[in-house]
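The values are calculated or read from the model by the stated rules, or taken from the named source; none is laboratory data. Keep in mind the model is a prediction, meaning the values are calculated, not measured. Don't worry about glycine lacking a Cβ; one is built from the backbone with ideal geometry, like all the others, and counts go over all protein chains shown.
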Amino acid sequence: MIKIICVGKIKESFFVDAIKEYQKRISKYTRIEIFEIPDCNYDNIKTIREESNAIMKVINKNDYNIIMDIHGQMLDSISFAKKIEDTLIFNSNITFIIGGSLGVNEELKNICDYRLSFSMMTFPHQLFRIILLEQIYRAFKIINHEEYHK
């Protein structure tokens with residue numbers, strides 16, 4: 001099973017449609033759930049603390065938890081697919097965590113099993129959720145030796 005824990009709701013219908021489409025595609029290979037944590041609007045320090053604490057409340061420590069972190073390891077799509085495939089051998093659940101726009105605290109990063117970066121660039125959170133879903137879908141296509149990845 002793949003879980004995605006993320007901060008904030010998606011408001012734009014075109015993003016919602018893209019998310020639903022990739023969830024449908026991924027569901028051919030595994031169950032997928034998205035947990036949305038409400039975003040906070042305090043000063044920066046309190047916002048990071050409150051959003052990180054809310055994420056930590058829903059993390060299952062028995063899952064393999066991957067935090068999306070700009071300073072994390074970068075993988076190409078084939079290596080990402082291998083990471084998912086290898087992880088699912090020993091863990092039935094992989095949870096991807098996308099923090100809020102201000103990031104997450106070190107405590108949350110430290111309880112995760114892996115730090116992953118897709119780029120040194122900054123992406124809007126709504127768009128990044130779609131990028132992550134697309135890469136998960138691509139990974140399952142690669143794992144199953146199906147046409148899609150070029």
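Confirm whether PHE123 is free of Cβ contacts under 8 Å to residues at least 40 places away in the same chain, touching a helix residue (DSSP H, G or I) at 6+ places or on another chain (Cβ under 7 Å) and of a type outside the set (Lys, Arg). Full working, then the answer.
Details: free of Cβ contacts under 8 Å to residues at least 40 places away in the same chain: yes; touching a helix residue (DSSP H, G or I) at 6+ places or on another chain (Cβ under 7 Å): yes; of a type outside the set (Lys, Arg): yes.
Against the criterion (free of Cβ contacts under 8 Å to residues at least 40 places away in the same chain, touching a helix residue (DSSP H, G or I) at 6+ places or on another chain (Cβ under 7 Å) and of a type outside the set (Lys, Arg)), PHE123 qualifies.
Just give me the residues in segment 50-77 being assigned to a loop (DSSP other than H, G, I, E, B) and among the aliphatic types (A, V, I, L, M), in sequence order. Within segment 50-77, ILE59, LEU75 qualify.
With the requirement that a residue be among the hydroxyl-bearing types (Ser, Thr, Tyr) and more than 16 Å from the chain's Cα centre (by Cα), what does segment 33-77 give you?
So in segment 33-77, the residues among the hydroxyl-bearing types (Ser, Thr, Tyr) come out as 42, 47, 52, 64, 77.
The answer is TYR42, THR47.
Residues checked against (1) assigned to a helix (DSSP H, G or I); (2) modelled with pLDDT of 95 or more:
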| site | (1), (2) |
| --- | --- |
| SER79 | yes, yes |
| ILE97 | no, yes |
| LYS109 | yes, yes |
| SER119 | no, no |
| THR122 | no, no |
| GLN126 | yes, no |
| ILE130 | yes, yes |
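Only a single item in (1) more than 14 Å from the chain's Cα centre (by Cα); (2) among the β-branched types (Val, Ile, Thr); (3) surrounded by 16 or more Cβ atoms within 10 Å (Cβ to Cβ) is not met by ILE111, and it is number (3).
Here GLU85, GLU107 are screened, and the one residue that is more than 22 Å from LEU133 (Cα to Cα) and either out of contact with any His (no Cβ under 6 Å at 6 or more places or on another chain) or not aromatic (Phe, Trp, Tyr) (or both) is GLU107.
Results for (1) of a type in the set (Val, Ile, Thr); (2) touching a residue at least 60 places away in the same chain (Cβ under 8 Å), shown as yes or no for each residue.
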residue	(1), (2)
LEU88	no, no
ILE94	yes, yes
GLY99	no, yes
GLY103	no, no
GLU107	no, no
ILE111	yes, no
PHE128	no, yes
GLN135	no, no
HIS145	no, no
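Let me spell it out: the conditions are (1) under 28 Å from LYS11 (Cα atoms); (2) out of contact with any Ser or Thr (no Cβ under 6 Å at 6 or more places or on another chain); (3) surrounded by fewer than 19 Cβ atoms within 10 Å (Cβ to Cβ), and GLU85 meets all of them except one. Which number is the exception? Every condition holds for GLU85 apart from (1). For segment 2-20, the criterion of being under 22 Å from GLN135 (Cα atoms), in contact with a strand residue (DSSP E or B) (Cβ under 7 Å, 6 or more places away or on another chain) and at pLDDT below 95 is met by at least one residue. Taking into account only those residues within segment 1-49 that are assigned to a loop (DSSP other than H, G, I, E, B) and of a type in the set (A, V, I, L, M), which is surrounded by the most Cβ atoms within 10 Å (Cβ to Cβ)? By that ranking, first place goes to ILE10.
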